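Some notes on the structure that comes next.
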Amino acid sequence: MGKKSLLLAIFILAGTSAFARITRTNPDSIPFSPPVSYDAGSHPWSVYCADLDGDNYPDLAVANWGSDNVSVLKNNGDGTFQDAVNYPTGAGPASVFCADLDGDGDPDLAVANRDSSNVSILKNNGDGTFLWAGNYAVGSDPYSVFSADLDGDSDPDLVTANYWGDDVSVLKNNGDGTFQGAVDYAVGSHPRSVFCADLDGDTYPDMAVANTNGNDVSVLLNNGDGTFQNAVNYAADYYPISVFCADIDKDGYPDLVVANEGFNTVSILKNNGDGTFSEQVLYATGRNPFSVFCSDLEGDGDPDLILADYYGDNVTVMKNNGDGTFRDAVLYSAGFRPFSVFCADVDEDTDPDIVVANSGIPSGVLLLENLTIDYLRGDANGDGVIDIGDVVFLINYLYKNGSAANPRWRNDANCDQAVDVGDIVYLINYLFKSGSHPGC
């Protein structure tokens, strides 16, 4: 199509009203794009975001309990993802963690296999492809795996929460991505989640463990060498299933956030500054929260709460008031049976997005892109104004191999999650036909 014909077609289309805008009302002032789903394996239970191929964009690793594999979805650089590539694991993978286990600068994968009671190590070839590097036995039914330098030798070690073992297993790294035999530590009844953080301020990572049948959280302080003191238990609500450590009140000490699946609540236990914790404060969530994550969604410096609500088929977002107290829950649709949630800036626009592992059928991973950063939608060339230059920019981008402005939301004038001729039409209507201003 010649340039004159293309422009003529555009002006003809501009007189139509075929391109409707998509709007979203968000009473909590954190706007998210409509969810976009990507296929993974069967019944994904865990998702983790990390730059797996070295291009500076967060990719996805997904543990698929139903298909005994882990899916890797590479980021195209704009917050969209390539088709999943699957790698075999042990039986019933329940949790995945990304860390540079062998010290070569590339994130590897550690996968806790619930049904085979072991951890699979998949080493990164340096380009986001992976090679199986062995299984390591842990306690019975590991539901969660976490990686941290527990013994201070600069190598990431592993810890698993073992549901039927009522314990956690610690596997020390030999320095090359191979691991010593598991050492087990008793915790509460039926642990489902483990998180490592320096809770007592001595620079060594400690452990917090959510115990579902114990209705409590176990805290195990590190002796400084990767061995741990006896667990101290703190009451949570009914059926605590996920724990996250973050400094929610900005006093310099990591606090505990616990998702309680049984009573649809989240527990906040504030750190006293020495690795002991105050009595829980409860907040209502969506239905049956299975996973909790803390991230500053709105850019005010305070960690907010994000929970995957399994039977609610949504994610709960609770904004931090700045002092470790939280506003009422706001729910966002998140596919079918969300099991796990993770936050990362997948579209490189500086605000964290939400990624959810959906374990129902159809299963997969769901992306909700955070639109908090206030770019001028329709300002495709990024010069701060919406004018004919943006129309020309989009024509060059779509038909002349021109460069695309980042973030891509600038280009998506009609908010339909695609950059195409509809955006050109929308801008022409706005500039010359009294059409609506670009925005969602």
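The values are calculated or read from the model by the stated rules, or taken from the named source; none is laboratory data. Quantities reported herein were computed from a predicted structural model and do not represent experimental measurements. Glycine gets a Cβ as well: all are built from the backbone with ideal geometry, and neighbour counts include every protein chain shown. To get the accessible areas, we keep the full protein, side chains included, count just its heavy atoms, and leave off ligands, DNA and RNA. Shrake-Rupley method; radii C 1.70, N 1.55, O 1.52, S 1.80 Å.
Structure above, values below:
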{"item": "Amide N of the range 75-101 lying under 19 Å from the label point, which is placed 7 angstrom from the Cα of Asp127 along Cα→Cβ", "result": "75-77, 82-88"}
{"item": "Pairs of lysines in the chain (C-alpha under 19 Å apart; 8 or more residues apart or interchain)", "result": "7"}
{"item": "Alpha-carbon Rg with Dmax, taken over the range 53-106, Å", "result": "12.2, 34"}
{"item": "Förster-model FRET efficiency, 60 Å R0, Val183 and Gln417, C-beta, rounded to 0.05", "result": "0.80"}
{"item": "Two-site label geometry, Ser154 and Leu282: point separation in nm, points 7 Å out along Cα→Cβ", "result": "4.8 nm"}
{"item": "Sequence-distant residues sharing a close amide H with Phe179 (under 5 Å, placed H)", "result": "Asn174"}
{"item": "Reciprocal of mean inverse Cα separation for the range 198-237 (Kirkwood radius, Å)", "result": "10.5 Å"}
{"item": "Backbone HN-Hα couplings from phi across the range 228-236 [Karplus 6.51/-1.76/1.60, Hz, Gly and Pro as x]", "result": "10, 6, 4, 5, 10, 9, 10, 5, 10"}
{"item": "Residue-averaged [θ]222 nm for the chain, counting only DSSP H segments that reach four residues, each worth -39500 (n - 2.57)", "result": "-2500 deg cm²/dmol"}
{"item": "Cα shape, the range 196-317, gyration tensor, a/c 1.5 rule", "result": "oblate"}
{"item": "With all protein chains modelled, accessible area of Arg327 [1.4 Å, Å²]", "result": "110 Å²"}
{"item": "Gyration tensor verdict on the range 111-242 (Cα atoms; rounded if a/c is under 1.5, prolate if a/b is larger than b/c, oblate otherwise)", "result": "oblate"}
{"item": "For Thr212, distant residues with modelled amide H under 5 Å away", "result": "Arg192"}
{"item": "Accessible-area composition of the chain, carbon plus sulfur, in percent [1.4 Å probe]", "result": "49 percent"}
{"item": "Quarter of Cα convex hull surface for the range 305-383, i.e. mean projection, nm²", "result": "6.7 nm²"}
{"item": "In Hz, Karplus ³J(HN,Hα) per residue of the range 48-54 (6.51, -1.76, 1.60; θ = phi - 60°; x = Gly, Pro)", "result": "9, 10, 6, 7, 7, 10, x"}
{"item": "Average accessible area per residue (Å²) across the chain - probe 1.4 Å, nucleic acids and ligands excluded", "result": "38 Å²"}
{"item": "Tail fraction, Cα-Cα pairs, the range 43-177, threshold 20 Å, whole percent", "result": "40 percent"}
{"item": "Heavy atoms of Cys49 accessible to a 1.4 Å probe, total area in Å² rounded to 10", "result": "10 Å²"}
{"item": "Residue of Thr212, Thr325, Thr89 that the Gaussian network model of the chain assigns the largest fluctuation, springs spanning Cα pairs under 10 Å", "result": "Thr325"}
{"item": "Viscosity 1.306 mPa s, temperature 10 °C, Stokes-Einstein D of the range 255-314 from Kirkwood C-alpha radius, µm²/s", "result": "130 µm²/s"}
{"item": "Volume per residue of the C-alpha convex hull in the range 315-437, rounded to whole Å³", "result": "150 Å³"}
{"item": "Whole-number Å³ per residue for the convex hull built on Cα positions in the range 267-359", "result": "107 Å³"}
{"item": "Correct choice for percent of Cα pairs over 41 Å apart that was computed from the model, options (i) 20; (ii) 43; (iii) 32", "result": "(i)"}
{"item": "Per-residue ³J(HN,Hα) for the range 346-357, Karplus 6.51 cos²θ - 1.76 cosθ + 1.60, θ = phi - 60°, Hz, x for Gly and Pro", "result": "6, 9, 6, 10, 6, 10, x, 9, 10, 10, 10, 8"}
{"item": "Under 5 Å, built H, 5+ apart or other chain: amide partners of Thr285", "result": "Thr265, Val266"}
